[in-house]
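The values are calculated or read from the model by the stated rules, or taken from the named source; none is laboratory data. The model shown is predicted, which means the values in this text are computed figures rather than measured ones. In this analysis, Cβ positions are derived from the backbone assuming ideal geometry, glycine residues included, and neighbour counts consider all displayed protein chains. These accessible areas exclude ligands, DNA and RNA; they are computed on the full protein's heavy atoms, side chains included. Shrake-Rupley method; radii C 1.70, N 1.55, O 1.52, S 1.80 Å.
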Amino acid sequence: MKLLAYQKADFSSPIITVHEALHLRRQFPEEWEGKHFYDLIKLRPMVPVDRGAKSSSFAYLGGSGDGHGNGSKGIAHELVQEYVCKLWTWRIRLFGKEFMLKIEETSDEWAVHDDHSGLNYTVDCKLVLSPDSDLYYETAGVIGIEVTDTHKTGPRKKKALARAGLVILELQMIPDWHVANDVKITSEDLNQLRKRIFGFLNKGTKLSCLCKPAYVRI
């Protein structure tokens with residue numbers, strides 16, 4: 001479930017909130033009833049579902065989400081996730097050092113199974129690095145990215161990801177990006193927030209390490 005979507009199956013089309021989509025459906029049913037919208041990462045089709053002001057969201061059509069989008073963590077979180085999952089190169093700072101990541105493939109909401117507990121956990125973004133990328137050999141070519149705000153990654157999830165032997169880095173969002181009332185945000189406000197987030201992250205992103213195998217040296 002997501003709060004944001006493209007109006008068309010085109011990355012250049014306008015981004016709309018679920019509340020705006022529901023408003024359009026109520027006001028102009030002949031044009032908007034049954035209309036599909038498309039997620040920010042892979043243009044998977046979705047429809048707006050009215051569950052009231054605090055719980056409405058876009059829902060993936062049957063099977064199109066491949067298990068993605070079990071819940072939204074907010075508008076800013078979705079925009080940061082979009083930024084990371086559309087990168088081909090990424091200049092990051094980690095442990096006081098700078099690295100240039102070269103990315104072959106990305107995916108959102110990476111499902112990780114924990115054999116110890118039998119539970120599944122989701123990592124916000126998965127990056128598959130190219131062999132000539134920094135950190136390729138240290139990470140076996142795969143890095144997970146967790147986008148966090150005021151709520152840090154829980155200890156159970158952190159332990160599960162560590163048991164899986166994964167390198168997971170954290171991207172801490174700026175509190176000022178938080179949208180207090182996603183019902184009232186306008187298209188212009190949304191566009192400006194997206195520009196602020198992308199502009200800030202384009203300058204180089206400071207990450208922290210959530211977990212990594214003990215033998216990995218970065």
**Report entry** Nearest-20 debye value, the range 24-154 charge dipole, Cβ charges on Lys, Arg, Asp, Glu
**Finding:** 380 debye
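Hey, what's the chain come to in accessible area per residue, 1.4 Å probe, Å²?
Heavy-atom accessible area per residue stands at 52 Å².
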Report summary line: For the chain, the longest principal axis of the Cα atoms and the Cα long axis of helix 75-85 enclose an angle in degrees, to the nearest 10, of 50 degrees
Query raised in the report: How big is the range 110-149 in terms of Cα radius of gyration and Dmax, in angstroms?
Result: 12.4, 36
Query raised in the report: P(r) for the range 162-218: what percent of alpha-carbon pairs falls in each 10 Å bin, starting at zero?
Result: 18, 35, 24, 18, 5
Query raised in the report: Packing-wise, with mean Cβ within 10 Å as the measure, how do 19-28, 92-101 rank, highest first?
Result: 19-28, 92-101
Query raised in the report: Normalised by the number of residues in the range 132-218, what is the relative contact order in percent for Cα pairs under 8 Å and 6+ residues apart?
Result: 40 percent
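Within the range 102-200, what whole-number % of the accessible surface is contributed by carbon and sulfur, with the 1.4 Å probe and all protein chains included in the calculation?
C and S fraction of accessible area: 52 percent.
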Query - Shape category assigned to the chain from the gyration tensor of Cα positions, a/c cut at 1.5 - result: prolate
Query - With all protein chains modelled, accessible area of CYS85 [1.4 Å, Å²] - result: 10 Å²
**Report entry** Degrees between helix 18-27 axis and first principal axis of the chain (Cα, 0 to 90, nearest 10)
**Finding:** 10 degrees
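Mind listing which trypsin sites (Lys or Arg not before Pro) in the range 109-218 are in a DSSP loop and have 15 or fewer other Cβ atoms within 10 Å? List each step's numbers first, then the result.
Details: sites: LYS126, LYS152, ARG156, LYS157, LYS158, LYS159, ARG163, LYS184, ARG194, LYS195, ARG196, LYS203, LYS206, ARG217; in loops: LYS152, LYS184, LYS203, ARG217.
Loop-located and lightly packed - LYS152, LYS184, LYS203, ARG217.
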